[in-house]
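The values are calculated or read from the model by the stated rules, or taken from the named source; none is laboratory data. Computed from a predicted structure; not experimentally measured. Because the Cβ atoms are built from the backbone with ideal geometry, glycine has one as well, and the counts that use them run over all protein chains shown. When the accessible area is computed, the model is the full protein with side chains, heavy atoms only, and any ligands, DNA or RNA have been set aside. Shrake-Rupley method; radii C 1.70, N 1.55, O 1.52, S 1.80 Å.
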Amino acid sequence: MREVSDSTWELRVDGALVAHMLDYFQYLPLEEFLATRPEWNSPEISDTLALLQALISVDLETVEALAPKLHLDFLLQPSFLERKVYSYTHNLILNLSKRELSDYLRGLTPLLVDVLRLVVMEHAIPDLDRFLVRVTKETSDGRKIYKGLQWNQAKIEEKRNRVLRTWHKYYGNNFNYKHYVSSSHLLKLLMDYADDDEIKETAFAVRQIEKNLRNIVAHEVLFVNEVWLQERANMSSDAMHALLMRLIYAAGLTDQQQWDVISDLNEHLKELFKARILENTQ
């Protein structure tokens with residue numbers, strides 16, 4: 001029986017480890033591994049790995065730097081808000097694939113606000129953004145930090161408009177402009193002015209998931225599994241995610257190339273590593 005050399009054995013073990021990390025989208029551990037195995041690395045591997053990590057981390061600055069370098073300019077074609085939603089949703093999809101249901105649910109609120117903004121602009125109030133204002137506050141040591149989005153009271157109240165009518169309908173003259181923009185605010189605008197009943201039903205259903213599932217998970221330590229979801233909401237995680245994706249599609253985020261980019265780049269990395277194995281065994 002032919003003996004396997006130590007170097008060949010190590011190569012096989014390393015190859016199995018790389019394959020495992022790619023199968024489970026473990027890009028940070030893979031970066032650490034490559035730091036100790038430079039013979040596995042290459043500029044294209046390093047850039048592709050960094051881009052993948054940036055995409056699932058919503059590191060849009062790094063995406064902007066690396067996408068043209070890797071001839072993936074399509075990643076920069078959507079608006080900044082749309083790119084945020086694509087990127088953040090990739091992260092949630094990975095949570096779901098790893099059965100990290102608590103993290104998935106906790107991640108719904110920030111995503112839902114951005115998605116509903118896009119849906120409201122698409123189906124109800126195209127110029128919604130002019131009624132929003134970015135809020136920064138000064139810390140005790142003089143630094144200015146971003147706090148979030150609020151409703152622009154001056155813009156909303158300067159003349160009659162749809163936002164003002166909705167605030168009067170639900171809050172009278174008592175709308176609190178110190179509150180940050182929420183999914184509840186945006187859902188009211190959508191329900192008042194969108195014509196598509198299916199979109200309104202989907203938005204309402206996703207908002208109920210946030211109220212009945214996400215909020216308790218965000219404020220208490222709970223074990224969340226499929227049984228818990230069925231008991232509390234009478235739906236599976238797959239059904240819940242299908243609802244979310246239906247709403248995201250209603251926001252206009254239907255570019256399949258954007259949705260496939262993680263799996264496509266992951267497969268490309270596998271091919272690049274196979275090529276490195278061939279080079280190192282010749």
Probe 1.4 Å, heavy atoms of protein chains only: per residue, the accessible area of region 138-282 in Å² is 58
Carbon and sulfur atoms: what percent of the 1.4 Å accessible area of region 41-115 do they account for?
-> 53
Under 17 Å from the Cα of LYS178 - lysines, other chains or at least 8 residues apart = LYS137, LYS147, LYS155
Excluding GLN77 itself, calculate the net charge of residues whose Cβ lies under 13 Å from the Cβ of GLN77, where each Lys or Arg counts +1 and each Asp or Glu counts -1.
-> -3
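So what's the back-of-envelope 222 nm ellipticity for the chain, counting only DSSP H runs of four-plus at -39500 (n - 2.57) apiece and dividing by all residues, rounded to 500?
-20500 deg cm²/dmol
Based on the mean of other Cβ atoms within 10 Å per residue, sort peptides 198-210, 123-135 so the most packed one is first. It would help to have the intermediate numbers written out before the result.
Values: 198-210: 18.4, 123-135: 15.6.
Per-residue mean Cβ counts within 10 Å order the peptides as 198-210, 123-135.
Can you give me the accessible area per residue for region 1-112, using a 1.4 Å probe, in Å²?
Per residue, region 1-112 has an accessible area of 53 Å².
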Which value, in Å² rounded to 10, gives the accessible area of ARG276 with a 1.4 Å probe and all protein chains present?
-> 50
For SER57, the accessible surface traced by a 1.4 Å probe with all protein chains present amounts, in square angstrom to the nearest 10, to 60
Scalar couplings 3J(HN,Hα) for region 122-131 by Karplus 6.51 cos²θ - 1.76 cosθ + 1.60 (θ = phi - 60°), nearest whole Hz, x for Gly and Pro, are 6, 10, 9, 10, x, 9, 3, 4, 6, 9
Charge sum, other residues only, whose C-beta stays under 12 Å from GLN257's C-beta, Lys/Arg counted +1 and Asp/Glu -1 | -4
Choose one answer from SER183, SER42, SER140: the residue with the largest mean-square fluctuation in a GNM of the chain with alpha-carbon springs under 10 Å.
-> SER140
What's the carbon and sulfur percent of region 140-282's accessible surface, probe 1.4 angstrom, rounded to a whole number?
-> 47
Extent of the chain along each principal axis, from alpha carbon coordinates, in Å, largest to smallest?
-> 85, 45, 42
Take every Cα pair under 8 Å in the chain that's 6+ residues apart, average their separations, divide by the length, and report that relative contact order as a whole percent.
-> 23
SASA check, TYR180, accessible area w/ 1.4 Å probe, all protein chains in place, rounded to nearest 10 Å², comes out at 80
Starting from the Cα of ASP141, step 7 Å along the direction of its Cβ; do the same at GLN153; then give the gap between the two resulting points in nm.
-> 3.2
Under a Cβ-Cβ cut-off of 14 Å, what is the net charge of the residues other than ARG117 that fall near it, where Lys and Arg count +1 and Asp and Glu count -1?
-> +1
Proximal lysines to LYS270, defined as alpha-carbon separation beneath 22 angstrom and excluding residues fewer than eight positions away on the same chain | LYS69, LYS98
